[in-house]
Each structure stands twice: as C-alpha cells, then as structure tokens.
Amino acid sequence: MSDIQQANATVSNPVLPGFHPDPSICRVGEDYYLACSSFEYFPGVPVFHSRDLVNWTQIGNALDRPSQLRLPLDKPSSGGIYAPTLRHHDGRFWLIVTNVSADGNLLVTATDPAGPWSDPVLLPGVPGIDPDLAWDEDGTCWCTVAGVSQVRLDPDTGETFEPPRKLWSGMPGAKAPEAPHLYRIGDYWYLLIAEGGTERCHGVSIARGHTPGGPFEPCPANPILTHRGTDHPIQNTGHADLVQAPDGSWWMVLLGVRPGGGTPGWHVLGRETFLAPVTWVDGWPVVGEVALELPAPAWPLVPGPVQPGRDDFDLSELRPQWISVRDRPAERCTTKERSGWLTLRARGASLDEPDVIFVGRRQQHLTCGARTRIDPAEGRGGLAVRLDEEHHYEIEASEGEVRLLSRIGPLNSVVASRPVPAGPVVLGVRVSGTPLRDARTGPDVLTFGVEEPDGTFTELGTLDGRYLSTEVAGGFTGRVIGMYAAAGTVHFDWFDYEPLGP
Ligand code: 6LW
C-alpha cells in the first residue's frame, strides 16, 4: 500500500465484534495479545493475537480445562468469568480474573499465550471483581480491584501482604468504579478506571500519582471517554485498557455496544471490543473518537489467517471459537466418533436447562446467516440462537419433523412445525435488520427455516430479535449461535456462519 493510500485508509470498529467484553491488552515486541470475559461459557477467557491492533485472531482460551474453570450448574448465566487483566512480565504471560460462580479471584500463567495456561493460583486475599496486576521497579506486585482498592501480593503463591486499601475511586457518588488498570508511564503511575456502570452511563476516568499506591490526582478532563447522553451509534463505552505501539503511539481498547431499533434501543451482540487512538497532552491521555470507521494506523495492516465460514468438523479437537454452556464433557461432545461430524449426546432436555449440551459461536455481525446439516436419526436437536436459559430461539429436528421453538422469559412456544423427509436435514437462520417503523420497532428479526435439497430456503417463521437482547434478557453476554442435543444422540456434518453486513 502506498503512503497516500495508507493515509486515506480507514479500518472498521469494533475490532472484535460480538460478545467480547472487558478487553485487556498487552504487547510483546511486535505482537499484541488481548483477552475478554466469558461468563457461563466453557472454555473461558478467549485469547487473541494481532500484529496491527486491527486484525485479531483467536489463538486459544486461557481457561480450557475443568481444573481451571468451575462453572457449577446451580449458578446463573452471566455469572462465571468476569473481566481479566492480561500482562507480560519477566518472560511470562499473567492473566488474573474473577470466577464469581466458584473460586473468586485467580491467576494463571503461560509462556505461550496460545496455551497451555497453568492451573489457577487462588487469591482468597483479593476481594471483589476486575483484578489488575502491575509490577513496580523493585518487583513488588500490586493488585488493584473494583471499588477501587489495592493489595500487594506474591503472584506465584497468591499470598497477600496486607488487607485491601481504598484508592481514588472516580467521581464521588458515581456508580460502579471498576475495571482498574495501573500503569507506570513516564514519571507517573496512572490509575485508569471505568465508572457509571456498564450501561448507557458508562465512562472512563483516570488519575495519576507518584507511587503505585497513590495518592492519586484526578485528571481535570474526566471522564476522558464517555458516550453518555449522546446519539452516537456506539454506546456504553467504558472498561478500557491502554497499550503503546512500537512506534510510540498510544491506543485504547474498550467495550461498547451497537444498539438498534427504536426506544430504548436494544443491543443483541453483547458488549464488543473497540479500538481508539490516544494522544497525550500535559501528561494526560486524550482519547480520539471511538468511531465505526477509524483512520488506519500508521503501519501496514497484517490480516490474520482467513477464518473459514464453514466448519466441517474434520479436526480431532474443536476450534477455539466454539463454546459450550458451563462444561463440555468429551463423552457427550466429540468429533472423534463419526469422522467429519460433530456428535452431541443430550444431557439437559432443552436449552432451558443449565446442563444442555450446546456448542456455539458468538454472533458477530448485525446481519448474518447460519446453517447446519443435522442427522437426527438417533435423537433430537437443532440450531439455536441463545442469550441465556430463558431467552433463546431454536429450530429443532427429529426424525421426520422440524419445529421452530421460542423461549421468552417464562413463555415457551412451539411457533411452527412441518414434516421433513427422513435423513439429514439442513437447518438455517437469517438475522436481518428491520426498517424503523416507529419508536417500538425492534432491533432485528430472525428467520428460521429448512433448506430443500435444491438449495432453496423454506421459511418456518420469523421472530422479533428484541427478546434476545441484553435490554430484555439482562446480564453481561450476547447472542451465541450453535448446535445442541435435546434427546438421544445427534450428529452435525458442518456448520456455516456467513456475515451479511457489519
Ligand atoms: C465487569 C465490569 C464491567 O466485571 O462489567 O463493564 C462486568 N464492566 O468491569 C462484567 O463484564
């Protein structure tokens, strides 16, 4: 690319679309690594790699063994894993995170961020959520958590050296001072936090001091980032982390949402990871616009490997983007039983159950399609769009019949059904935008159907997408589209995901 082309080029935000909240980033040489929250899903804490801050490839999940990630069945969705901090120190990657459903704060390490990551060191002396790790010049490790408070700890053993001590906590009276990250930059220690809560009032503020424990002087321009009270297409901006590029420029990764429809606006993809440029004025960071299109960075872009739209299930292990609800027992979920197929063996009897056998991937685009070819000869299962146990739509096949099912809060419905010939059948869902009719127009619609042998798509029904949004369902996640078993054993030949827009 010539310099002129590069100067005029833009790149798209979010850089990690779909349910990828609470991003934490670090750089090692020319390589960037980023980790996100994962809540009730197993494996947990997706880890990504990039060479340019724009193109990200998932290289693994930090918590991918049951010994690292306990997600008990009696703990609700949107529990589990909250807000990691990822750092590189002393030749190792360090990831500190909270499991609100089981173990509290814990720390894992790896020499290769693609894994394997260690078994967890538990941190009973670290209170609360959103733990951060920072090391000072003499090697002391400082752990700062939401609230905002701080303890010194030994990251190898998890031992803490004092009771938590309260620090600067943002604007007095503001809700939810959280997501602290502490950095040594130039002459100061900077304490970056989120405040206002992860909803429409979310924002980012910063303070600085001469020692990692403060006292801290707040930035006169706080909040340094917020979209509260604006009609910006990206809302809820907050929970940020800073990184410096090799050329000396600074960048912020943060979470935001893209609400759709009328009032109050519904976001369906969860909280996504956005990128923004940062400059420094008078020793304070100034955040550039968090826009859907950003001026491209000043270096050549390095797209990662092309992600195939179709998974043929021809590998012995599932690719890292596939996630399950709470656990994934090998005897119930395997590509080793029928070559080139994913086999799911039912446990929970439907997606209403916390122990449903489900394998899905994040919906990453506002408009998209997904299809799968299922063989239901020995059971019943299908293709689902899941927000949580109480909010999901699915098209379900059993031998000779296909049904469209919806669960919205306490209401379960069979929306439609039709006979199908015996044998494997292709199930599909298309997510489309809706023209704004009036203030009550929802964000999108989901059309489910069956693909005929000649490739035509026969619709079974279209459902309003608002019921699979965070504003309706609550919680911290976003839509996940995938395959599940409801009875007996079902086999899936392939799964296609196709973006149809941003
Ligand atoms: C996370 C907190 C937040 O712990 O939401 O937006 C919580 N920020 O920092 C769950 O993601």
Cα-based reach from Lys175 at 20 Å (exclusive), listing aspartates and glutamates while leaving out same-chain residues under 8 positions away: Asp22, Asp130, Asp132, Glu195, Glu199, Glu217, Asp241, Glu471
Rg/Rg_globular for region 260-320, with Rg_globular taken as 2.2 N^0.38 Å and Rg from C-alpha atoms: 1.78
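What value does region 255-410 have for Rg/Rh, both radii from Cα atoms and Rh as Kirkwood defines it? Don't skip to the answer; put the middle values down first.
Details: Rg = 20.3 Å, Rh = 19.1 Å.
That ratio is 1.06, to two decimals.
For region 343-502, what is the charge dipole size about the Cα centre, in debye to the nearest 20, if Lys and Arg each add +1 at the Cβ and Asp and Glu each add -1 at the Cβ?
Numbers: 16 positive and 23 negative charges, 61 e Å.
Here the size comes out at about 300 debye.
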Listed peptides 356-367, 266-277 by packing density, highest first (mean Cβ within 10 Å): 266-277, 356-367
Contact order relative to length of region 128-282, as percent, for alpha carbon pairs under 8 angstrom and 6 or more apart: 14 percent
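What full-extension length gain, to one decimal in nm, is calculated for Lys336 and Val11 as 0.36 nm per residue of separation minus the Cα-Cα distance? Write out the running numbers ahead of the final one.
Details: separation 325, 0.36 × 325 = 117.00 nm, distance 3.99 nm.
Gain on stretching Lys336 to Val11: 113.0 nm.
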Residue-by-residue Karplus 3J(HN,Hα) for region 36-49, coefficients 6.51, -1.76, 1.60, Hz, glycine and proline x: 9, 6, 9, 6, 7, 8, 10, x, x, 6, x, 10, 10, 10
Size of charge dipole - region 53-126 - debye, nearest 20, with Cβ of Lys, Arg +1 and Asp, Glu -1, no other charges: 80 debye
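For the ranges 447-460, 295-308, what's the packing order if you count other beta-carbon atoms within 10 Å of each residue, average per peptide, and put the highest first?
447-460, 295-308
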Residue-averaged 222 nm ellipticity for the chain, from DSSP H runs of 4+ at -39500 (n - 2.57), nearest 500: -500 deg cm²/dmol
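Full extension from Glu199 to Leu73: what is 0.36 nm times the residue separation minus their Cα-Cα distance, to one decimal in nm? Spell out each step's value before the answer.
Details: separation 126, 0.36 × 126 = 45.36 nm, distance 2.72 nm.
Using 0.36 nm per residue and subtracting the Cα-Cα distance, I get 42.6 nm.
Roughly how big is the chain's charge dipole about its Cα centre, with Cβ charges of +1 (Lys, Arg) and -1 (Asp, Glu), in debye to the nearest 20?
Numbers: 40 positive and 63 negative charges, 147 e Å.
Taking the Cα centre of the chain as origin, the dipole is about 700 debye.
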At q = 0.18, 0.30 Å⁻¹, base-10 log of I(q)/I(0) for region 408-469 (Debye sum, equal scatterers on each alpha carbon): -0.77, -1.29
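Evaluate the relative contact order of region 98-175 (contact order divided by residue number), counting alpha-carbon pairs under 8 angstrom at least 6 apart; express in whole percent. Please report the intermediate quantities before stating the final value.
Working: 131 pairs, mean separation 16.8, N = 78.
For region 98-175, the relative contact order is 22 percent.
Need one word for region 61-135: rounded, prolate or oblate. Basis is the Cα gyration tensor (sqrt eigenvalues a ≥ b ≥ c); a/c below 1.5 gives rounded, then a/b vs b/c decides.
Values: a/c = 2.20, a/b = 1.43, b/c = 1.54.
Because a/c hits 1.5 or more and a/b fails to exceed b/c, region 61-135 counts as oblate.
Highest mean first, what order results for 325-336, 407-418, 230-241 on Cβ atoms within 10 Å? Can you show the working numbers first?
Values: 325-336: 16.8, 407-418: 13.2, 230-241: 21.6.
Most protected by this proxy first, the peptides run 230-241, 325-336, 407-418.
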Residues Arg437 and Asp119, FRET efficiency given R0 of 60 Å [Cβ-Cβ distance, rounded to 0.05]: 0.65
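For a test of the definition: using alpha carbon positions, the gyration tensor, and the 1.5 limit on a/c, classify region 354-402 as rounded, prolate or oblate.
Values: a/c = 2.21, a/b = 1.44, b/c = 1.54.
Verdict is oblate for region 354-402.
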Asp247 versus Asp352: modelled label distance in nm, points set 7 Å from Cα along the beta carbon direction: 5.7 nm
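For the chain, rounded, prolate or oblate, judged on the Cα gyration tensor with a ≥ b ≥ c (square roots of eigenvalues), a/c < 1.5 rounded, else prolate if a/b > b/c? Please report the intermediate quantities before stating the final value.
Values: a/c = 1.85, a/b = 1.58, b/c = 1.17.
Cα axes put the chain in the prolate bin.
Computed from the coordinates by the stated procedures, all read-outs in this text should not be read as laboratory data. A quick note: this is a predicted structure, and the numbers were derived from the prediction, not measured. With ideal geometry, Cβ positions are generated from the backbone for all residues, glycine too; neighbour counts draw on all protein chains shown.
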